[in-house]
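Student: Quick one: this structure, given as structure tokens, is what I'll be asking you about.
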Amino acid sequence: MGDAKHTACFVLAAPHSGSGKTTVAALICLALRKRGLSVQPFKLGPDYLDPTHLTRAAGRSARNLDSFLLLPERLRLLFERAAAGADVAVIEGVMGLYDGRDPTTDEHSTADLARLLDVPVVLVIDAGGMARTVAAVAAGLRDFGQGSRIAGVILNKVGSLRHAQLCQTALEQVGLPVLGFVLKQPELALPSRHLGLLSAEQASWDEQKALEAAQYLNLEALLAEGLNVKAPQRLSAAASTTPISLPSTRIAYAYDQAFHFYYPDALDELRLAGAELIPFSPLNDLHLPAGVGGLLLGGGYPEAHAAALAANKSMRRSVREFATSGRPVVGECGGLMYLGESLEDPDGQLYEMCGVIPYRTRMSAAVQLGYRDAAALVDSPLMPAGTAVRGHEFHYSTLTHPPAHPAYRWTAHDGTQVVEGYALGNVLASYLHLHYGGYPAVARRLVERCQKGED
């Protein structure tokens, strides 16, 4: 099945969040990989954590597909680029099947993505406390939408083999096959934390128990349904994997327990633009890598490691000196917090940060969450003033005061104008997560600016 024309593709959807999509997707990826198949996992939406579980299970880096952050043609290109050459593409949906940005349309929902990519939908339904009603839920999801192809149902949290049989009998009455089931096992549930699920690196994972849990999944039927699609086409090397003809530019990017929120396709876009990405740890390294032309500080959990970040004074000094040198510095969300003067934890404990930007942050009980249609207010290492860009916010921290040198403006749902971030000279810091895979020009501009920083 190694030829791209034989790649099986399907998307896992559910009636609502919490149905077990991530767990079931990970079990499928693991079971298929153990059969010797190459499995390319995907996650719909901007989430950084679910993909880590899929990556661990598949042994292959999961990719985000977000139809808000990525225009349709870019989304299809990134999907095909990653799926080409894999035996199976497993796509985990988000929330309920028809839940998107607007409750009046399917736009940016799992159903919308399935139609865009022309792949079948496999419903994951939590069958706990239900039998015949499972059929009503599944049939309702199938009949509500226009153009979605529901291939069948995977039952999750099934109480017994008898329970599975009862659900299957009911589903047969509405013409929907059962493509497998997972017995209820509390140890399979992924634990929660204050900012959502734990990443795969932090969550326990017993591979043998996972394989036992996957024993009732009908992998043959899943593959057969997944092959009933237009397969991804193999892209030319020039279009998919070969960097453009620019001298290699070294960019340092923070990667450790405190900073690890990056879209793999976004990093690939920087590489395609000519960047050599050098990882470093703000927690453990004493200084930035030598000979780099730019600095990228992604999102993560700096508040969970604030004491250690504050204690690493030599690294904070190295970041401060790098910013003073005039070379590009870009911080996203957690990166903004680290670049600021201080970070206040939920207990009121204050930790000194890098002091690159004159902002202070504190943790809050309220989450700032949502997609943003933003416009750049000033020139920055990523874009010229006036550039329109789409991004995503998800953070519990907040600034202690209004931004002094805002980077972006957007209109909130209530019509109010919001200014956000910091942009001055060579430094850009913002709570806005951008997907460079959707904006190749942004990646090229950053690489070009970093290249000049090396001159």
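Student: Quick check: is even one residue across the stretch 101-124 charged (D, E, K, R) and under 21 Å from CYS29 (Cβ atoms)?
Tutor: Looking through the stretch 101-124, none of the residues is charged (D, E, K, R) and under 21 Å from CYS29 (Cβ atoms).
Student: Considering the stretch 28-53 alone, what residues qualify as being modelled with pLDDT of 95 or more and over 14 Å from ASP265 (Cβ atoms)?
Tutor: Selection gives ILE28, CYS29, LEU30, ALA31, LEU32, ARG33, LYS34, ARG35, GLY36, LEU37, SER38, VAL39.
Student: A further question follows. If you check SER281 against the conditions, is it hydroxyl-bearing (Ser, Thr, Tyr), under 22 Å from LEU382 (Cβ atoms) and modelled with pLDDT of 95 or more?
Tutor: No: the conditions fail for SER281.
Student: Output the qualifying pairs, or none if there are none: Cβ atoms under 6 angstrom, residues six or more apart or on different chains, first residue in the stretch 389-412 and in contact (Cβ under 8 Å) with a residue 24 or more places away in the chain, second residue basic (Lys, Arg).
Tutor: Partner pairs satisfying both residue conditions: GLY391/ARG372; THR400/ARG360; THR400/ARG362; TRP410/ARG372.
Student: Another question, then. Could you look through the stretch 232-256, keep only residues that are at pLDDT below 50 and outside any helix (DSSP H, G or I), and pick out the one that is farthest from the chain's Cα centre (by Cα)?
Tutor: The extreme case among them is SER236.
Student: Ok, one more. Part of a strand (DSSP E or B), touching a residue at least 24 places away in the same chain (Cβ under 8 Å) and buried (at least 19 other Cβ atoms within 10 Å of the Cβ), is that true of CYS9?
Tutor: Yes; evaluated as a whole, the condition is true for this residue.
Student: Step by step: first the residues of the stretch 101-132, then only those that are without any contact (Cβ under 8 Å) to a residue 40 or more places away in the chain and among the hydroxyl-bearing types (Ser, Thr, Tyr), then the one that is nearest to PHE181 (Cα to Cα). Which residue is that?
Tutor: Only one residue fits best here, namely SER109.
Student: Still on this structure, please answer the following. Tell me whether the stretch 28-46 contains one or more residues that are closer than 29 Å to GLY128 by Cβ, without any contact (Cβ under 8 Å) to a residue 60 or more places away in the chain, crowded, with 19+ Cβ neighbours inside 10 Å and of a type in the set (Val, Ile, Thr).
Tutor: Yes, the stretch 28-46 contains at least one residue that is closer than 29 Å to GLY128 by Cβ, without any contact (Cβ under 8 Å) to a residue 60 or more places away in the chain, crowded, with 19+ Cβ neighbours inside 10 Å and of a type in the set (Val, Ile, Thr).
Student: Now a separate question. Given (1) β-branched (Val, Ile, Thr); (2) within 19 Å of LEU297 (Cα to Cα); (3) touching an Asp or Glu at 6+ places or on another chain (Cβ under 9 Å), identify the lone condition not met by THR398.
Tutor: Exception for THR398: condition (3).
Student: Looking at the stretch 64-108, which of the residues that are under 17 Å from the mean Cα position of the chain (by Cα) and polar (S, T, N, Q) is nearest to ASP118 (Cα to Cα)?
Tutor: SER67
Student: Quick one: in the stretch 129-139, of everything that is surrounded by 12 or more Cβ atoms within 10 Å (Cβ to Cβ) and of a type outside the set (A, V, I, L, M), which residue is nearest to TYR98 (Cα to Cα)?
Tutor: Selected residue: THR133.
Student: Turning to a different aspect of this structure: Restricting attention to the stretch 157-180, report how many residues are assigned to a helix (DSSP H, G or I), out of contact with any helix residue (DSSP H, G or I) (no Cβ under 7 Å at 6 or more places or on another chain) and not small (Gly, Ala, Ser).
Tutor: Residues meeting the conditions: 8.
Student: Mind counting the residues in the stretch 377-397 that are of a type outside the set (Val, Ile, Thr) and in a strand (DSSP E or B)?
Tutor: 9
Student: Could you tell me which of the residues THR55, THR110 is hydroxyl-bearing (Ser, Thr, Tyr) and surrounded by fewer than 22 Cβ atoms within 10 Å (Cβ to Cβ)?
Tutor: Exactly one residue qualifies, and that residue is THR55.
Student: I need the full set of residues from the stretch 65-105 which are touching a Ser or Thr at 6+ places or on another chain (Cβ under 9 Å) and of a type in the set (Ser, Thr, Tyr), in order please.
Tutor: Listed by number, the residues that qualify are SER67, TYR98.
Student: Does the stretch 87-99 hold any residues that are buried (at least 23 other Cβ atoms within 10 Å of the Cβ) and either farther than 19 Å from PRO51 by Cβ or among the hydrophobic types (A, V, I, L, M, F, W, C) (or both), and which are they?
Tutor: Selection gives VAL88, ALA89, VAL90, ILE91, VAL94, LEU97.
Student: Please indicate, with yes or no, whether at least one residue in the stretch 70-80 is touching a Pro at 6+ places or on another chain (Cβ under 7 Å) and closer than 24 Å to LYS184 by Cα.
Tutor: no
Student: Does the stretch 350-363 contain any residue that is closer than 18 Å to GLU420 by Cβ, among the charged types (D, E, K, R) and modelled with pLDDT of 95 or more?
Tutor: yes
Student: OK, next. Quick check, is VAL427 in contact with a Phe, Trp or Tyr (Cβ under 8 Å, 6 or more places away or on another chain) and surrounded by 13 or more Cβ atoms within 10 Å (Cβ to Cβ)?
Tutor: Answer is no for this residue.
The values are calculated or read from the model by the stated rules, or taken from the named source; none is laboratory data. Only a predicted model underlies this, so the values are computations on that prediction, with no experimental measurement involved. Methodologically, a virtual Cβ is constructed for each residue, glycine included, from the backbone with ideal geometry; neighbour enumeration extends over all protein chains shown.
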